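The values are calculated or read from the model by the stated rules, or taken from the named source; none is laboratory data. Just so we're clear, the structure is a prediction, and the values are computed from it rather than from any experiment. Here Cβ is always computed from backbone atoms with ideal geometry, including for glycine, and neighbour counts include all displayed protein chains. Just the protein is used for accessible areas: all its heavy atoms, side chains included, with ligands, DNA and RNA removed. Shrake-Rupley method; radii C 1.70, N 1.55, O 1.52, S 1.80 Å.
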Amino acid sequence: MSILQKRILITGGAGFIGSHLVRRFVNNYPDDEIFNLDQLTYAGNLENLKDIESSPNYHFIKADINELDDLKKIFDSNLITDVIHLAAESHVDRSIQDPTAFMKTNILGTLNLLLCARDFWKHKMVGHKFYHVSTDEVYGSLGETGAFTEQTAYDPRSPYSASKAGSDHMVRAFYHTYHLPVIVSNCSNNYGPNQFPEKLIPLIINNIIHKRELPVYGQGLNVRDWLWVKDHVAAIDLLFHEAKVGETYNIGGECEKTNIDLVQMICDLMDLKLGHVQGTSRQLIRFVKDRPGHDLRYAIDASKIKNDFGWKPSLAIEEGLSATIDWYLQNEDWLKNVTSGAYMDYYNHHYSK
C-alpha cells in the first residue's frame, strides 16, 4: 500500500445515499480501495451497485455495525484508513413503531465504529478521517421563517432524530476527548434514483404507476428542503477531502416545498410522462391521519459550505424530479423487487385509514 493510498470504509453503502457515494468514490478514486459495509436490511440492496461490483478497487463486506468484534476484525484485516459513516435506521415512521432499534444502531453502532477508529488509528491520528453523515432533523422544527445553521441548538422531536442527535454528540465527544479526526454534515431531505419507496417521492411515483391512492399526512402543509442525492454525495466528497477536522457543515437543496405541493408536482409530471390527461393522478391524493410529532418545517442554511468551498446545488427541483421519475419508470423491475410482502405489510400499517 502506498503512503497516499486510502482504504475507505463506507458504512451503509448499499442503501440509497450510500450507493451513490460508493459509486462516486469507486469511479473517481481508482487508486483508493473502497470497502462497502452493509447489513443488507430492508433498504440495503446490492442491485444498486451492479455497475461497479466488478471494479478492482471495490469490496463488499456484509456486516452489522452493532457487532463490535466483527468491526475490529474488519479494521484490522483491511487496514482501514478512513470511515464515511452512513449506516443508520432512517425513517421516522419506523422509529415511532420501534424506537429501540434506532437507539441501538444509530447510537451504539456509531459508538462501535468510533471505538474501532480510535483504537486502530491511536498511534497516528493525522491523515485519517471519520466522516459522520447526519440529518437536519436533529435541529427540531422551524416556524414559518428562518433556517437551520451549524450553530442551531439541537431539539429532536422523534425517536429517529433523537438517535441521530445522540450519534452526532458521540462523534464530537470523540473529537474533543480522543482527538479523533472527525467531520460532521447534516443534510436535508434527499431524493433521486434507488430510494426505497417508503420515502415520500418514490412512494408517490410507485403508487401512481399502480393506480393506488396517494397518502399525504395531515393537510400536506409540512415543509421540507429537497436535495438531489448526487449533489449531496458531491458535497460529501468535497468535505471529506477538503474540510478541516472538527468542523460541521449543513448541506441543503435550497428548495422548500410543502408536501402537498411536491405531491402535485409529481402527479403532473407522471401524467405527462405516462400520457394521462392532466389531473388524473391528482385524483388519487388522499389525506391520512398525521403522524405523531410531525415537525412542521425544515430549512437548511448552506452558506458555510458555499462560502468555504463554492459548493451549491446543481439541479432545480423540477429537473431533479423529472430525472427521478424517468429512472423509476425505466427500472420497474427494481421497484417490483423491493416492494415485496414485507414492504406491503409496512405500508398497510402506516397508511391504512
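Taking the 0 to 90 degree range and rounding to the nearest ten, how far is the long axis of helix 341-351 tilted relative to the main principal axis of the chain, both from C-alpha atoms?
60 degrees
Which far-off residues, 5 or more places away or on another chain, put their amide H under 5 Å from the one on Ile183, with H placed in the peptide plane?
Phe130, Tyr131, His132, Gly246
What is the range 72-163 by shape, rounded, prolate or oblate, if you read a ≥ b ≥ c off the alpha carbon gyration tensor as root eigenvalues and call it rounded for a/c under 1.5, prolate for a/b larger than b/c, and oblate otherwise? Spell out each step's value before the answer.
Numbers: a/c = 3.40, a/b = 1.70, b/c = 2.00.
Oblate.
Roll a 1.4 angstrom probe over the protein heavy atoms and tell me the percent of accessible area of the chain that is carbon or sulfur.
Carbon with sulfur: 51 percent of the solvent-accessible area.
Give me the angle, in degrees from 0 to 90, between the Cα long axis of helix 68-78 and the longest principal axis of the Cα atoms of the chain, rounded to the nearest 10.
So the inclination is approximately 70 degrees.
Go through Lys62/Lys312; Lys6/Lys304; Lys72/Lys306; Lys129/Lys336; Lys211/Lys312; Lys6/Lys257 and tell me which ones have a Cα-Cα distance over 32 Å in this structure. Let's see the in-between values first.
Working: Lys62/Lys312 34 Å; Lys6/Lys304 27 Å; Lys72/Lys306 37 Å; Lys129/Lys336 38 Å; Lys211/Lys312 36 Å; Lys6/Lys257 39 Å.
In this structure, Lys62/Lys312; Lys72/Lys306; Lys129/Lys336; Lys211/Lys312; Lys6/Lys257 exceed 32 Å between Cα atoms.
Filter the trypsin sites (Lys or Arg not before Pro) in the range 223-327 to those in DSSP coil with at most 14 other Cβ atoms within 10 Å of their Cβ, and list the result.
Lys244, Lys289
For the chain, with every protein chain kept in place, what is the accessible area per residue (1.4 Å probe, Å²)?
That works out to 43 Å² per residue.
Tabulate in residue order the Karplus-calculated ³J(HN,Hα) for the range 169-179, using 6.51 cos²θ - 1.76 cosθ + 1.60 with θ = phi - 60°, rounded to whole Hz; enter x for Gly and Pro.
The phi angles translate into 4, 5, 4, 5, 4, 5, 5, 6, 7, 10, 6 Hz.
Taking H as built 1.01 Å from N, whose amide H comes closer than 5 Å to the amide H of Phe287, not counting residues under 5 places away?
Val216
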